[in-house]
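Following: one structure in structure tokens, then a few remarks.
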Number of protein chains: 2
Amino acid sequence: MAKKPSIPKGTRDFTPSEVIKRNYIFEVVKKHFQTFGFQPIETPSFENSETLMGKYGDEGDRLIFKILNSGDYLNKVDDAIYTSRNSSLLTPKISEKALRYDLTVPFARYVVMHQNEIDFPFKRYQIQPVWRADRPQKGRFREFYQCDADVVGSDSLLQEIELVQLYDAVFTELKLGGVNIKLNNRKILSGIAEVIGAQDLLIDFTVALDKLDKIGEEGVKKEMAERGLTPEAIAKVEPLFSLSGSNTEQLQALKELLKDSETGSKGVEELTFIVSAVEEMGLQSAQLSIDVTLARGLNYYTGAIFEVAAPEGVKMGSIGGGGRYDDLTGIFGLKDVSGVGISFGLDRIYLVLEELGLFPESIDRSLQVLCLNFGEKESFAALKLVTALRREGVKADVYPSKAKIQKQFKYANNRNVPYVVLIGEKELEENSFVVKHMESGEQQTYALDAVGNFIAGL
Amino acid sequence: MAKKPSIPKGTRDFTPSEVIKRNYIFEVVKKHFQTFGFQPIETPSFENSETLMGKYGDEGDRLIFKILNSGDYLNKVDDAIYTSRNSSLLTPKISEKALRYDLTVPFARYVVMHQNEIDFPFKRYQIQPVWRADRPQKGRFREFYQCDADVVGSDSLLQEIELVQLYDAVFTELKLGGVNIKLNNRKILSGIAEVIGAQDLLIDFTVALDKLDKIGEEGVKKEMAERGLTPEAIAKVEPLFSLSGSNTEQLQALKELLKDSETGSKGVEELTFIVSAVEEMGLQSAQLSIDVTLARGLNYYTGAIFEVAAPEGVKMGSIGGGGRYDDLTGIFGLKDVSGVGISFGLDRIYLVLEELGLFPESIDRSLQVLCLNFGEKESFAALKLVTALRREGVKADVYPSKAKIQKQFKYANNRNVPYVVLIGEKELEENSFVVKHMESGEQQTYALDAVGNFIAGL
């Protein structure tokens, strides 16, 4: 009868060790979100379908998980639609809610609904799961956490500087030195398209340029040609491939290249401001590099574009990204609210920390003291001891039954417990307990009414 | 075009202040879960429908949110079912996943799937949202958090003792003194039904008895009669209504009442063991009382039954509950795994703490220092100062634009910032900054290169 249970593809159970390590990352990120003045909000897991549909393109609409209406949901479907037997037509009639696809659209909806109680500029962070009906593959899940910080209601470039510092603060505390914070600006990409005479091919141009890492200079040129850029335009792009040197040198070259484009020059000016401020204040462990090939989410971003790459030598896509968007809340009727934000890629950061052995030692040690169980009277004394330990914040437990001592020690080993306490008949008589340090094997005896001595030495 | 956005009924947005207060409760609960040796797990938000359906009764099945299959989901529906146009028949054909309805069934599924890697007894905690398509009403939501701690794989009564202590530890730290931990045992209810000759009416008998608080003694007797209990049986129940005195006195009376029932006597024995152990070790701020009318989830529990009532004078249903169940994982094919667990009612605990003013003062203060913005050069110096503060863990920010000073002070007030920093032209020249303490109005000047002096005084 009972079939072996399973979980839906693309979803995960998290074991204690995994939850603890994930929470470690969340806590570090949250701490720095807070010192940077961001405030937490949470939004419902599902939204009205109309809030989400049409916000992520056709592909996004398909990947949104829809929730079936409750009760006799077919009752309200009209005959013509039902008999057409067309899934796309039927869906909006039998489903009015959908699972959150990202945190940005619900955030925009939140800002519009709560605009009268929010003090702008509003710096919010949000760490919640999202769901996508994507085909699951290595590292891609149907349920995963997003971890976003955004500022809305301010177009000051101070925010961009802060966000670079925020990445640096988080990765420094995670001991993940040497991440590369790549920075670009939509205005620079527009400017380049302008000066090479390919304004109308901006998207094609940037999609091709974005692949420089993967397909190399010749590949990019070939793709640009295929996408309709003229040989003259491609020739003018040439200097971008050989951009090199320090950020200042690259900015100098870009300034020259874009001198005839107002938009492009504005982009260079913005980048220069951000880079020089960040350099003057200094980063703790990250590096900041200009990368004019960076184009992620181009349709969306209007100013700065960020992406964070793992330290050299670690094979991993980006572990964070973001940018500035000028009209976050327009879709819900609130105009002229500029925003800028970044996100942290939890799952990938987890994999990088695991690969590099950067999780703190014994982070998943869930029990410091285990008292063995030698019978009812003895275990009762043990529980008293454990009660005292717990009230001092020590993670402690009593083995619940009088199992074979070997079995109890095995349990202690499996749970990686550093101290095992023994209270047998003899100890009970002498009003004492024996502590065995599992690593060294050493044993020490304490008086039951002097638990403080033991705690002090933990 | 842009319709005013809204959220689905029964769901909530949480503002920064609410998230911070909710997290405060979670953190206290988690801390004590951990000192008591519980380990965290997390399970997916949605499960395969077959994992959930049929586990919560017909009513539960109706209240489970189903997720529509992706793509052309009608494609796989056979004609006969489609033309029947019956929602209940169609649902399993177009939906294979459903949102978690509670944490217990997913936990049972987890234990079965991970049985080979778990070290039993397994003490797990889980704090995650669940979803129910219930009619929303005051205090009842369609999305809410559950917060559970369970031990599986041990039938030791030490667990029951610990769980009482765990409630006490959490509510003591939340400064919610005087909660009443009510304790009963399924075996006592069975024993009573047995001695009054109403074994086959156990459920009817307990459902009626459970209402004693609400409808009084006469009401209960009337309902028992309506539910088919004989006048003789009802007369024999009489002593239960007048059970009073200390736990020990009540246990004595129950022992006498149930002396002819083996099951009932076992229940009294178990309760006596738990109560005397708890009393010997002492609770910090909660009280423990035997309550033979307590019957929550009777179909489910097989031993101890717990329920926590808010302190006297606070009108609120139970703020926690739980019990022992002998066959948690049998539904998934793993037999003989006994479990016992408790849960904390987050939303109600939140309301009680709010009503009694028990949240720590300034808990939702999200910013300690705000630097005003007097222009580009000044704000740059301010950002340097803020960077230094943040690296010391101080929540600090710079107002992002050179708005009117009045507006900036208003922002500081709205965010309840205790210290406002001013760096104007004069301060910049003198390499200093002025700190205004917002409550007292006092101002103090510091050197920009001696930020440590300011931090030390925070």
message: If I ask for residues that are surrounded by 17 or more Cβ atoms within 10 Å (Cβ to Cβ), in contact with a helix residue (DSSP H, G or I) (Cβ under 9 Å, 6 or more places away or on another chain) and touching a residue at least 40 places away in the same chain (Cβ under 8 Å), which ones from segment A:60-95 would you list?
response: A:64, A:95
message: Give all pairs with beta carbons closer than 6 Å in which a residue from segment A:231-259 that is touching a residue at least 40 places away in the same chain (Cβ under 8 Å) meets a residue that is surrounded by fewer than 12 Cβ atoms within 10 Å (Cβ to Cβ); count only pairs at least 6 apart in sequence or on separate chains.
response: none
message: Take the conditions under 34 Å from the mean Cα position of the chain (by Cα) and modelled with pLDDT of 95 or more and apply them to residue B:352. Does it pass?
response: yes
query: Residue check, residue A:377 against (1) assigned to a loop (DSSP other than H, G, I, E, B); (2) touching a helix residue (DSSP H, G or I) at 6+ places or on another chain (Cβ under 8 Å); (3) surrounded by fewer than 18 Cβ atoms within 10 Å (Cβ to Cβ); (4) more than 11 Å from chain B (Cβ to nearest Cβ), all met but one. Which one?
result: (1)
statement: Note: among A:27, A:18, A:42, just one is touching a Phe, Trp or Tyr at 6+ places or on another chain (Cβ under 7 Å), open to solvent by 20 Å² or more (accessible area, probe 1.4 Å) and farther than 22 Å from residue B:61 by Cβ, namely A:42
task: Output the residue which, of all residues in segment A:107-133 that are assigned to a loop (DSSP other than H, G, I, E, B), more than 18 Å from the chain's Cα centre (by Cα) and closer than 22 Å to residue A:53 by Cα, is farthest from the other protein chains (Cβ to nearest Cβ).
output: A:114
message: Among the residues of segment B:398-419, are any touching a Lys or Arg at 6+ places or on another chain (Cβ under 7 Å), free of Cβ contacts under 8 Å to residues at least 60 places away in the same chain, within 30 Å of residue A:276 (Cβ to Cβ) and open to solvent by less than 10 Å² (accessible area, probe 1.4 Å)?
response: no
task: Give the residue that is surrounded by the fewest Cβ atoms within 10 Å (Cβ to Cβ), with candidates limited to residues of segment A:140-149 that are more than 13 Å from chain B (Cβ to nearest Cβ) and at pLDDT 95 or above.
output: A:146
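Those residues that are part of a loop (DSSP other than H, G, I, E, B) and either closer than 18 Å to residue B:38 by Cα or in contact with a His (Cβ under 6 Å, 6 or more places away or on another chain) (or both), I need them from segment A:399-458; list them, please.
Correct list: A:399, A:400, A:401, A:415, A:416, A:417, A:418.
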Residue list for segment B:157-194, restricted to those being more than 14 Å from chain A (Cβ to nearest Cβ), within 19 Å of the chain's Cα centre (by Cα) and open to solvent by 10 Å² or more (accessible area, probe 1.4 Å): B:175, B:177, B:178, B:180, B:182
query: Which of the residues that make up segment A:380-393 are open to solvent by 10 Å² or more (accessible area, probe 1.4 Å), touching a residue at least 12 places away in the same chain (Cβ under 8 Å) and under 42 Å from the mean Cα position of the chain (by Cα)?
result: A:388, A:392
message: All but one of (1) of a type in the set (A, V, I, L, M, F, W, C); (2) in a helix (DSSP H, G or I); (3) facing another protein chain (nearest Cβ under 7 Å) hold for residue B:7; state the number of the condition that does not hold.
response: (2)
task: Please verify whether segment A:15-25 includes one or more residues that are farther than 24 Å from residue A:105 by Cα, at pLDDT 95 or above and outside any helix (DSSP H, G or I).
output: yes
query: Taking segment B:315-334 as the region of interest, how many residues are within 14 Å of another protein chain (Cβ to nearest Cβ) and either of a type outside the set (Gly, Ala, Ser) or buried (at least 17 other Cβ atoms within 10 Å of the Cβ) (or both)?
result: 7
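Give segment B:26-45 a look and list any residue that's among the β-branched types (Val, Ile, Thr) and assigned to a helix (DSSP H, G or I), or say none.
Listed by number, the residues that qualify are B:28, B:29, B:35.
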query: Within segment A:60-78, is there a residue that is more than 30 Å from residue B:134 (Cα to Cα) and either more than 7 Å from chain B (Cβ to nearest Cβ) or in a helix (DSSP H, G or I) (or both)?
result: no
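The values are calculated or read from the model by the stated rules, or taken from the named source; none is laboratory data. Just so it is clear, the structure is predicted and the values come from calculations on it, not from any experiment. Cβ sites come from the backbone with ideal geometry, for glycine too, and all protein chains shown count toward neighbours. Accessible surface is based on the protein model in full, side chains and every heavy atom, while ligands, DNA and RNA are left aside. Shrake-Rupley method; radii C 1.70, N 1.55, O 1.52, S 1.80 Å.
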